[in-house]
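The values are calculated or read from the model by the stated rules, or taken from the named source; none is laboratory data. None of the values given here were measured: they were computed from a predicted structure. Only protein heavy atoms, including side chains, enter the accessible area calculation; ligands, DNA and RNA are left aside. Shrake-Rupley method; radii C 1.70, N 1.55, O 1.52, S 1.80 Å.
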Amino acid sequence: KEELKPSNRKTPQNTGMSLYKMLIEQEWIQQTVESFIAIYGGMEIRMPLYTYATFLFLFLIGFVGYLMKMFKKGFWKQMNPNKKILLFAFVFNIIIPIALSFYYSYFSDFQPQGRYIMPMLIPFMCFITLGIENVMDKIIKKQKIKIIVQMIIIMAPSALTIDCIVQAMQYYMR
């Protein structure tokens, strides 16, 4: 059938949609980020807003913390050449899945799904972890308080994950 050919599929690109419209108005960024964190089923079981807010807050702290570390005087000079290579590899391993997902959604099949950017998870979480560690080292000086904050940072996403599973189970048990 002619209408089933991939070349005849309606895409944002061949319908003349702007990149802005796809990313913002069609909520590509929002849906991709939310489903990267937690959307279940056929993209229909969404978690409460506090789930996304908590994870995004941790991501933001980690990102800002790592940027603070990177732009610290002497950071690049002190860094081992192998670590520099690893750092750049991590950056590319974050950019490439996002770029491929974006490209595929715009030119082939509009599917803003976080599962397509999951390959970036390990390098992304390395940056986030190092960034949070940097922020904690700057703000918290007492080791006991640092341990308590670390436990909260570990327990909050764990509790949210359990909450996500319970909510998904409730949806499927109906």
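Observations on the model:
- Whichever lysines have a C-alpha closer than 21 Å to that of LYS146, once near sequence neighbours (fewer than 8 apart) are set aside: LYS69, LYS138
- The residues of the chain expose on average 69 square angstrom of accessible surface per residue, using a 1.4 Å probe on protein heavy atoms.
- Part-to-part distance (alpha-carbon centres) for the range 17-88 and the range 96-174, which is given in Å: 8
- For the chain, the relative contact order is 33 percent, taking Cα pairs closer than 8 Å that sit 6 or more residues apart in sequence and dividing their mean separation by the residue count.
- Using alpha-carbon coordinates, inclination of helix 81-107 to the longest axis of the chain, degrees: 20
- With DNA, RNA and ligands ignored, accessible area of LYS72 (1.4 Å probe; Å², nearest 10): 120
- Rounded tilt (10° steps) of 49-70 against the dominant C-alpha axis of the chain: 60
- Cα long-axis angle, helix 143-173 against the chain (0 to 90 degrees, to the nearest 10): 20
- Taking only protein heavy atoms and a 1.4 Å probe, the accessible area of the range 1-158 is 68% carbon and sulfur.
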